[in-house]
Amino acid sequence: MEAMEAKDNRRRPTVNRTQALVLGFFAVVVATVVATRLGAPETYARGLRLPAGNDRVQLAFLAGVLALVALLAVGVLRRWRWTFWLVMVAFLAGALRIPAVGFQFLGFVRGNAPAWFLLVQLAIGIAQFVVGLAMMAGYRRAGVWGGF
């Protein structure tokens with residue numbers, strides 16, 4: 001019986017902290033995008049620069065985002081090397097959201113998004129950057145998709 005359980009455990013790949021953090025971030029972002037689409041569709045369209053009132057375009061964009069996140073999630077679970085590098089670079093680039101939101105709040109960059117949407121963008125940017133740093137630490141410690 002124990003041999004059978006051990007064999008089953010070998011089939012299930014374990015998800016390390018780095019992978020769990022990235023997958024958790026993906027889940028939060030998907031929930032945020034869907035909640036914004038459902039709760040504030042005008043902000044969703046304006047914030048993503050989509051045509052307002054055109055539900056087909058907005059839903060197609062949402063489906064595309066969900067498909068991309070699903071592909072990346074599969075890459076995280078399967079520990080695809082290209083996915084690691086793509087996600088890490090994109091997450092480290094999340095630091096650029098911080099000054100971008102600051103410039104919008106200060107009025108240096110014109111934007112028509114409400115303050116709550118900018119604060120969500122700021123939080124996502126900070127979280128992205130922190131996850132990117134954790135990914136870098138995991139890479140230095142144990143290689144691609146290594147746990148931090």
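No lab work stands behind these numbers, since they all come straight from the coordinates. This one's a predicted model, so the numbers in the text were calculated from it and none came from an experiment. Reconstructed Cβ throughout: ideal geometry from the backbone, glycine too, with neighbour counts over all protein chains shown.
When the gyration tensor of segment 34-138 is built from Cα positions, what are the square roots of 5 times its three eigenvalues, in whole Å, from largest to smallest?
On the way: eigenvalues 137, 85, 18 Å².
One finds semi-axes of 26, 21, 9 Å for segment 34-138.
3J(HN,Hα) couplings calculated from phi for segment 57-68 with the Karplus curve 6.51 cos²θ - 1.76 cosθ + 1.60 (θ = phi - 60°) are, in sequence order, 5, 5, 5, 5, 5, 4, 4, x, 4, 5, 5, 5 Hz; Gly and Pro show x. At an R0 of 25 angstrom, the distance between the Cβ atoms of Asn112 and Ala35 translates into a FRET efficiency of 0.80.
Using a simple charge model, +1 on the beta-carbon of Lys and Arg, -1 on the beta-carbon of Asp and Glu, nothing else, what dipole does the chain show about its Cα centre, in debye to the nearest 20?
Numbers: 16 positive and 5 negative charges, 80 e Å.
With only Lys, Arg, Asp and Glu charged at Cβ, the dipole is about 380 debye.
The calculated 222 nm mean residue ellipticity attributable to helices in the chain amounts to -25500 deg cm²/dmol, summing -39500 (n - 2.57) over DSSP H runs of n ≥ 4 and dividing by all residues. Against the chain, whose longest principal axis is taken from its Cα atoms, helix 17-39 shows a tilt of about 30°.
Converting phi to 3J(HN,Hα) with the Karplus coefficients 6.51, -1.76 and 1.60 and the offset θ = phi - 60°, segment 77-89 yields 5, 8, 6, 5, 5, 5, 5, 4, 5, 4, 5, 5, 5 Hz in sequence order, with x at every glycine or proline. For the chain, averaging the sequence separation of C-alpha pairs within contact (under 8 Å, six or more residues apart) and dividing by the residue count gives a relative contact order of 28 percent. Against the chain, whose longest principal axis comes from its Cα atoms, helix 97-106 is set at around 20 degrees. The residue among Ala137, Ala73, Gly102 whose Cα reaches farthest toward the positive pole of the charge dipole of segment 51-148, with charges on the beta-carbon of Lys, Arg, Asp and Glu, is Ala137. The angle between the Cα long axis of helix 2-11 and the longest principal axis of the Cα atoms of the chain comes to about 40 degrees, rounded to the nearest 10.
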